[in-house]
Structures are given as structure tokens and as C-alpha cells.
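Let me begin by presenting the structure, written as C-alpha cells, before commenting on it.
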């Protein structure tokens, strides 16, 4: 199962726990999954997820403009008081949710504004969409309940970008 297949499948199915590891494989059925997400998706449906994915991918890549890639982002969230939630996303159990307000508080207003501007959405949509997207994306990027090496994360995210044409 591909990274985005696992991510969107978990979001559509409402799964809060570990799904099949997402570091590898294709993205078969992506169009159907995104179309199905439209009316049922978290915080605004497929268009919001589609707008946020390129920005989130950039944040998580170690060679991108993010603050230290996936590890740096998770450390920022842990330092900001969301350690229990982050541990649940990386671990093998159920993913604990975060609220848009919690995420905005930890990331800071400037960063939320930047993310919103880059995605072309409102700040409320950006923080709400990220709060829905991050737990499952981290879940999919951390197979077997542990952090993969940076190059594995970058490769998986690069594959996702190529598959989406972004």
C-alpha cells in the first residue's frame, strides 16, 4: 500500500491506529480516494487536503524548507506540549487527535499564516486541515512504531510528490 493510499484510507475509514506501513508502493486509486474524500473529508474535504499536502510534504522533508524535516517538526510539537499525541502517532497504538487551536498554538501564528498563504486557504482551514492530516501522515511515515531514517522519509515523500505531480 502506498503512502497516500494508507493516509487517505485511514482518514476515510476513520481509523485511529496503525495501518499498513506507508514507506513504499504505488498510489493506485488515488483519484477515486480523493473524490470520495470530498464530502466526507476532515476539515473541508479533498480540496483542502490537496492544497495542504505540498506544504506539509515540504515541512517534513529534511532537504526542504522545513525546520529539520519530520524529526524537527515532531520535536517542535513535543516541546510545545503535544508529546503524548506525537508519541501516539509514531507508536503502534491508536492516534490521539489534536485540535486546530493546539496546533496553531505550538506552530505559532506566523507559521500558520505562512502555511495558509502557501496553500491558498484561510488560517482556520490551514490549522484545522493540518490537525486532521498530521496524525495520519506521521502514522504512515513511521512504520513499525519507530522513526525511519531521514533518507527513507525523503524518498517516500518524494515518491508522493511525483505521484501527485507536485
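Listed conditions (1) at pLDDT 90 or above; (2) under 17 Å from residue 166 (Cβ atoms) are all met by residue 101, apart from (2).
Kindly establish whether residue 155 is at negative phi, surrounded by fewer than 16 Cβ atoms within 10 Å (Cβ to Cβ) and at pLDDT 90 or above.
On the way: at negative phi: yes; surrounded by fewer than 16 Cβ atoms within 10 Å (Cβ to Cβ): yes; at pLDDT 90 or above: no.
Spelling it out, it is not the case that residue 155 is at negative phi, surrounded by fewer than 16 Cβ atoms within 10 Å (Cβ to Cβ) and at pLDDT 90 or above.
Does residue 58 fit the bill of being on the phi < 0 side of the Ramachandran plot and assigned to a loop (DSSP other than H, G, I, E, B)?
Details: on the phi < 0 side of the Ramachandran plot: yes; assigned to a loop (DSSP other than H, G, I, E, B): no.
It is false that residue 58 is on the phi < 0 side of the Ramachandran plot and assigned to a loop (DSSP other than H, G, I, E, B).
Within the range 76-86, one or more residues are under 19 Å from residue 55 (Cβ atoms), at pLDDT below 95 and surrounded by fewer than 20 Cβ atoms within 10 Å (Cβ to Cβ).
The values are calculated or read from the model by the stated rules, or taken from the named source; none is laboratory data. Being a predicted model, the structure only gives us computed values, none of them experimental. Cβ sites come from the backbone with ideal geometry, for glycine too, and all protein chains shown count toward neighbours.
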